[in-house]
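First up is the structure itself, then whatever we jot down about it.
Readers should treat all values here as calculations from the given coordinates under stated rules, not as data from a laboratory. This structure is a prediction, so every number in the text was calculated from the model and none was measured. Counting neighbours? That spans all protein chains shown, and the Cβs are built from the backbone with ideal geometry, glycine included.
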Amino acid sequence: MKTLKLPTKLLCWLLIVALIPLGLFGYAGYLYTVKTLKKESMNSLVNIARSKALIIDEYFRDKEQVIFSLSHNPIIIDTIKQHNINFNEDKEYQLKHASIDKSLRQYLKHFTHYKKTLYDVFLINNKGDILFTMVKEEDYGTNLMTGPFKDTQLAKTFRKTLTLSATGLSPFEYYPPSNDMGAFIGAPIWDDGMLLGAICTQIDTKKIFELAADYKGLRETGETVLGALQGNIVEITAPLRHDPGSAFKKTIPIGSQEAMLIQLASQAFEGAGSSVDYRGIDIFAVWSYLHYPGWGMVVKIDTDEVFAPAQKYKQWMIYIGIITVLCVLLISIYVSGSISDPVVKLTDAVNKISEGDLFTRIDVNSGDEIGQLAKSFNHMMGHLQRSQEALQKRTDELAKSNLELDDFAYIASHDLKEPLRGIYNFASFLIEDYEDKLDDDGKNKLFTLKKLSQRLERLINDLLYYSRVERIHEAFQDINLDEVLDEALDTLNIRIEDHGIDVRRKDILPTVFCDKSRILDVFINLITNAMKYNDKDEKWIEIGVDKDKSRHVDVIYFKDNGIGIREKYLESIFKIFKRIHGRDKYGGGTGAGLTIVKKIVEYHGGTIWAESSFGHGTTFRFTLKGEGDENQAI
Ligand code: ADP
């Protein structure tokens with residue numbers, strides 16, 4: 001993040017600020033929606049399952065009630081009695097039967113529940129003869145003990161009714177006379193303690209199928225699955241919404257992975273939750289056991305449909321997210337246009353200034369703080385430029401006056417040398433020609449005059465050299481200072497031996513872009529001083545290089561164990577003709593050496609300074625290039 005540019009940073013922050021709350025609220029909203037949808041759909045499934053269970057239960061109980069009340073109906077009892085006596089024995093039966101049949105049919109037709117609830121009604125005598133049916137199919141007149149339909153559910157219900165004297169719903173099964181699925185309920189008919197026979201009713205699948213096909217509240221994918229346990233399998237007893245031909249055809253083995261919930265429900269387990277249905281699709285479901293028909297019921301709906309609004313919500317959140325990102329992009333482009341652009345311009349301008357272009361100005365016209373800053377910046381640059389121009393003018397003037405001063409020193413010293421030589425020569429001639437005519441005092445004065453003129457010549461020579469430091473020089477080039485040091489030591493070889501000084505070369509000196517002959521003068525000067533100003537028996541000078549990491553510059557040093565310099569003189573030794581000893585002490589000197597060294601070092605863009613412990617030694621340190629310059633001593 002630190003290295004990113006301002007507009008990118010701005011964009012990142014805006015995105016973070018906009019998207020994090022959106023993401024958090026969006027996610028929380030999504031979770032809440034999912035939870036609510038799940039709860040609502042479960043509640044709705046429970047209600048639907050309850051009402052369907054109630055309807056089915058009532059439907060079958062209603063049939064039972066009807067048949068029970070018919071079994072006690074005097075008309076029915078009377079009819080079976082008449083039929084029973086005459087059936088197949090009386091020759092006049094056919095005629096009588098027709099009228100009995102007609103009146104009973106008339107009666108049952110008006111029987112309130114008939115149309116709505118009963119497919120057929122059978123009157124069967126205690127021998128198993130079907131004496132009467134409303135629909136009059138093939139079964140009419142046959143015997144349920146011996147006849148062709150003795151294995152049907154009707155025959156079984158009849159036998160069960162006679163033996164157990166109880167009613168009950170048979171399983172749904174294909175009933176050939178009706179060519180359809182049917183289930184039966186029977187009730188015994190008694191008269192004065194005598195079992196006359198049974199009345200049975202046939203129930204078709206229409207109502208159950210209608211109930212299963214009622215998808216109210218179950219939306220597009222929901223349905224009611226009904227199944228009856230038949231031994232080790234569950235038989236589906238109503239068409240499935242997604243497999244309409246499945247009623248009484250589709251079976252599910254108990255213990256299989258298929259439609260687990262209808263397996264549980266038909267085994268009288270109840271519950272609610274999520275699972276996978278017969279299609280292998282995730283569902284929410286409520287499953288229960290219907291006691292009356294003894295079936296399992298699963299009311300279910302696809303999870304995808306339940307969560308569709310949540311998915312839609314998610315989609316909307318994604319759209320909002322995308323729109324937010326686009327808005328943030330636009331805002332950040334706008335904001336970076338108004339904030340970061342000026343800052344970028346400001347940065348560019350500062351960079352240009354650092355490269356030396358003081359004419360740089362920022363082109364920002366807004367009236368806000370940035371605009372103010374730009375104005376102040378331009379104002380400051382105006383000042384800076386004027387100061388720079390003034391400074392440059394002064395520097396030029398100074399350089400000019402320095403040059404003039406150097407010229408003056410050069411001309412003066414050069415011109416002074418000639419009369420000085422004359423004085424020296426005349427003093428020599430006077431001594432030569434008039435030595436015997438002069439008294440001692442006159443002779444001494446002439447000798448002093450000669451000596452002084454020699455010293456003055458040395459001073460003038462030094463001054464001449466000083467004034468020419470920046471005038472006469474070889475071209476600057478990369479010079480190996482180690483080789484320069486070799487040359488200096490060669491030059492001073494005899495004096496080094498005379499002084500008996502030990503030269504210690506601590507490091508290999510670097511290669512520097514410099515004027516070789518000037519640097520040679522610096523080295524000779526510093527080594528000479530180290531020899532001169534040393535009163536120790538074992539004299540040494542150490543030459544090496546330190547790295548000044550804070551200033552990124554190499555510092556060359558000349559360290560000796562000589563007499564040292566008092567702290568108060570550390571600055572003044574660099575002033576021209578300044579000696580801190582008697583004129584002839586320590587081999588004498590003009591006091592210009594260090595001044596010339598300083599001028600050469602500064603001419604190379606460096607600095608020189610001395611450190612000393614009085615009586616123990618002095619260290620001269622210098623650099624040859626300014627701080628951070630590319631071609632500094634390395
Ligand atoms: P000179 O040697 O001709 O007197 P310099 O400019 O070389 O002139 O030195 C100025 C003064 O600095 C010297 O007079 C001396 O007192 C002092 N000085 C220079 N180098 C050393 C040194 N290595 N140790 C002690 N003092 C020194």
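For the charge dipole of region 1-87, defined by +1 on Lys and Arg C-beta atoms and -1 on Asp and Glu C-beta atoms about the Cα centroid, which residue among PRO7, LEU70, ALA28 has the Cα displaced farthest towards the positive pole?
PRO7
Mind pulling the per residue volume of the convex hull built on the Cα atoms of region 7-72? Å³ is fine.
Cα-based convex hull of region 7-72, divided per residue, equals 47 Å³.
Among ASP302, ASP478, ASP507, ASP436, what is the fewest-to-most ranking by other Cβ atoms within 10 Å?
So the ranking, lowest neighbour count to highest, is ASP436, ASP478, ASP507, ASP302.
Can you put ASP139, ASP341, ASP548 in order, fewest other beta carbons within 10 Å first?
By the 10 Å Cβ count, ascending: ASP548, ASP341, ASP139.
Calculate the spin-label point distance for GLU497 paired with ASN425, positioning each point 7 Å from the Cα along the beta-carbon direction, and give it in nanometres.
With each label point 7 Å from Cα toward Cβ, the separation is 3.8 nm.
Sequence gap at least 6, Cα distance under 8 Å: using those rules, report the relative contact order of region 437-588 to the nearest whole percent.
Computed value for region 437-588: 19 percent relative contact order.
Of the DSSP beta bridges with both residues in region 397-544, give the percent that are antiparallel, rounding to the nearest 5.
For region 397-544, the DSSP antiparallel bridge percentage is about 45.
Where the centre of each part is set by its Cα atoms, how far does region 114-156 sit from region 503-539, in angstrom?
139
Magnitude of the Cβ-charge dipole of region 256-305, K/R +1 and D/E -1, about the Cα centre, nearest 20 debye?
220
Give me the three principal axis extents of region 288-367 from the C-alpha atoms, as integers in angstrom, largest value leading.
Sorted largest first, the three principal extents are 102, 24, 13 Å.
Can you pick out the pairs among LYS549/LYS585; LYS5/LYS625; LYS536/LYS575; LYS5/LYS312; LYS102/LYS156; LYS437/LYS585 whose Cα atoms lie more than 31 Å from each other?
LYS549/LYS585; LYS5/LYS625; LYS5/LYS312; LYS437/LYS585
Want the number for LEU54 to THR324: 0.36 nm per residue separation, take away the alpha-carbon distance, what's left?
Additional length available on full extension: 92.0 nm.
Largest first and to the nearest Å, give the Cα extent of region 502-544 along each principal axis.
Sorted largest first, the three principal extents are 38, 20, 8 Å.
Each label point is 7 Å from the Cα along the Cα-to-Cβ direction; what then is the distance between the points at ILE411 and GLN477, in nm?
Rounded to a tenth, the inter-label distance reads 3.5 nm.
Taking Cα atoms of region 431-479, Rg/Rh with Kirkwood Rh, to two decimals?
1.40
Enter the per residue convex hull volume of the chain, computed from alpha-carbon coordinates, in Å³ rounded to the nearest integer.
302
Quick one: P(r) of region 188-255 from all Cα-Cα pairs, 5 Å bins, percents rounded to integers, in order of increasing distance.
4, 15, 18, 15, 12, 10, 7, 7, 6, 4, 2, 0
Would you report the distance distribution of C-alpha pairs in region 507-593 as whole percents per 10 angstrom bin, up to the bin with the largest distance?
Pairs per bin, as whole percents: 14, 41, 34, 10, 0.
In angstroms, what radius of gyration and Dmax does region 350-416 have, counting Cα atoms only?
20.4, 69
How big is the equivalent ellipsoid of region 248-344 along its three axes, where each semi-axis is √(5λ) from the Cα gyration tensor, reported in whole Å from largest to smallest?
The answer is 57, 11, 9 Å, longest axis first.
With θ set to phi - 60° and the Karplus curve 6.51 cos²θ - 1.76 cosθ + 1.60, what are the ³J(HN,Hα) couplings of region 187-195 in order, to the nearest whole Hz, using x for Gly and Pro?
Rounded to whole hertz, the list is 9, x, 10, 10, 8, 6, x, 10, 7.
Can you put LEU463, LEU164 in order of Cβ neighbours within 10 angstrom, beginning with the fewest?
So the residues, fewest neighbours to most, are LEU164, LEU463.
What fraction of the Cα pairs in region 449-607, stated in percent, has a spacing above 30 angstrom?
Beyond 30 Å sits 15 percent of the P(r) for region 449-607.
Can you tell me which of 394-403, 344-353, 321-330 comes out highest on packing, and rank the rest after it, using the mean Cβ neighbours within 10 Å?
344-353, 321-330, 394-403
How big is region 405-444 by Rg and Dmax over its Cα atoms, in Å?
15.1, 46
Give me the lysines in straight-line cross-link reach of LYS314: C-alpha distance below 23 Å, same-chain residues under 8 apart excluded.
Counting by Cα, and skipping residues close in sequence, LYS314 has these lysines nearby: LYS35, LYS38, LYS39.
Give the relative contact order (percent, whole number) for the chain; include only Cα pairs under 8 Å separated by 6+ residues.
8
What lysines could a cross-link reach from LYS207, if we take a straight Cα to Cα line under 22 Å and drop same-chain neighbours fewer than 8 places away?
Of all the lysines, those that pass the test against LYS207 - Cα under 22 Å, at least 8 places apart if same chain - are LYS52, LYS63, LYS109, LYS115, LYS116, LYS136, LYS216, LYS249, LYS250, LYS300.
Magnitude of the Cβ-charge dipole of the chain, K/R +1 and D/E -1, about the Cα centre, nearest 20 debye?
Computed about the Cα centre, the dipole is about 2080 debye.
Using bins 10 angstrom wide from zero, how does P(r) for region 239-301 break down, in % of all Cα pairs?
23, 58, 19
So what's Rg/Rh here for region 386-453, counting alpha carbon atoms and using the Kirkwood radius for Rh?
1.46
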